[in-house]
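> The structure under discussion is supplied below as structure tokens; questions concerning it will follow.
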Amino acid sequence: MRPSQRMRDLGVVQQGAAILAEPTRAFDLPAERHEAERVVDELFAAMDRIGQVHPFAKGMGLAAPQIGSSRAAAVVQPSDDAPSIVLLNPKVTARSDETDEQYEGCLSFFDVRGMVPRPLQITVETTSLTGEAVTVTYERGLARLIHHEIDHLGGLVYTTRMPAGVTPIPVEEYRQTGRAWAYRGE
């Protein structure tokens, strides 16, 4: 079974679905706290299903559009035993000029990987369930993973960040490169 079919079977919306190309709608917090909690619970449930059939040794993330919700929520599980990061209404407010180019993959088109430049450091503002703004700076692999998920909430997939003329490669070819980043788990 192709990796993308496996993800589809696990409930991950696949490339070509309109919801993946549309910006999400922010939560009005704390007024929509219960709705935000419901979407986050659905994200965690989907991540649990995915993690049972595909190991992600270096972390993973999932954005609400990938489970059919047009709300501004994503969850990231770092590569170590660190707690999951919940992103509600996230916005990148600052990014380093220094970038790194690594392969990325996406659960919504899991048959390919693409080389994507990303800032090595980003500062992200999110909203807590109680409505307060929270600002955190992320670096390297975690910055890449979080930036990828925030892109989903803006209706972007990683291929839009690839340099002109560069196309994704089949996952089988990617496995032979020896290069990996936060989504690698094959």
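The values are calculated or read from the model by the stated rules, or taken from the named source; none is laboratory data. Nothing here was measured: the structure is a model prediction, and the numbers come from that model. All Cβ positions, glycine included, derive from the backbone under ideal geometry; neighbour counts span all protein chains shown. Each accessible area value is taken on the protein alone, full model and side chains, heavy atoms only, with ligands, DNA and RNA left out. Shrake-Rupley method; radii C 1.70, N 1.55, O 1.52, S 1.80 Å.
> Run the simple label-point estimate for Thr99 and Lys58 please: 7 Å along Cα→C-beta, distance reported in nm.
1.9
> Quick one: net charge of Glu42's neighbours, Cβ under 13 Å, K/R +1, D/E -1?
So the environment of Glu42 carries a net charge of -1.
> Report, in debye and to the nearest 20, how large the dipole of region 1-133 comes out about its Cα centre when Lys and Arg carry +1 and Asp and Glu carry -1 on their Cβ.
The calculation lands at about 420 debye.
> Also, I was wondering about something else. In the P(r) worked out for region 96-162, what percent of Cα pairs fall beyond 19 Å?
When all Cα pairs of region 96-162 are counted, 36 percent exceed 19 Å.
> On the protein heavy atoms, probe 1.4 angstrom, tell me the percent of accessible surface of region 35-85 carried by carbon and sulfur.
Working: 1050 of 2110 Å².
The nonpolar share, carbon plus sulfur, comes to 50 percent.
> Spin-label point model (7 Å from Cα, Cβ direction): what's the Arg140 to Phe44 distance in nm?
Taking the two extended label points, one gets 2.8 nm.
> On average, how much accessible surface per residue is there in the chain, in Å², for a 1.4 Å probe, leaving out ligands, DNA and RNA?
47
> Determine Rg/Rh for region 1-117; Rg is computed over alpha-carbon atoms and Rh is the Kirkwood hydrodynamic estimate from the same atoms.
0.96
> Further question: Can you compute the charge dipole magnitude of region 49-102 about its Cα centre, using +1 on each Lys and Arg Cβ and -1 on each Asp and Glu Cβ, nothing else charged? Give it in debye, rounded to the nearest 20.
Result for region 49-102 is approximately 420 debye, rounded to the nearest 20.
> Considering the options Thr99, Val112, Leu156, tell which one lies farthest towards the positive end of the dipole of the chain, charges being +1 on Lys and Arg and -1 on Asp and Glu at the Cβ, about the Cα centre.
Farthest towards the positive end: Val112.
> Ok, one more. Compute the acute angle (0 to 90°) between the alpha-carbon long axis of helix 33-53 and the principal axis of greatest extent of the alpha-carbon atoms of the chain; round to the nearest 10°.
Helix 33-53 and the main axis of the chain meet at about 20 degrees.
> Roughly what would the spin-label model give for His34 and Thr160, points 7 Å off Cα along C-beta, in nm?
Modelled inter-label distance: 3.3 nm.
> So, one more: Any idea of Val166's accessible area? Nearest 10 Å², probe 1.4 Å.
For Val166, the solvent-accessible surface is approximately 60 Å².
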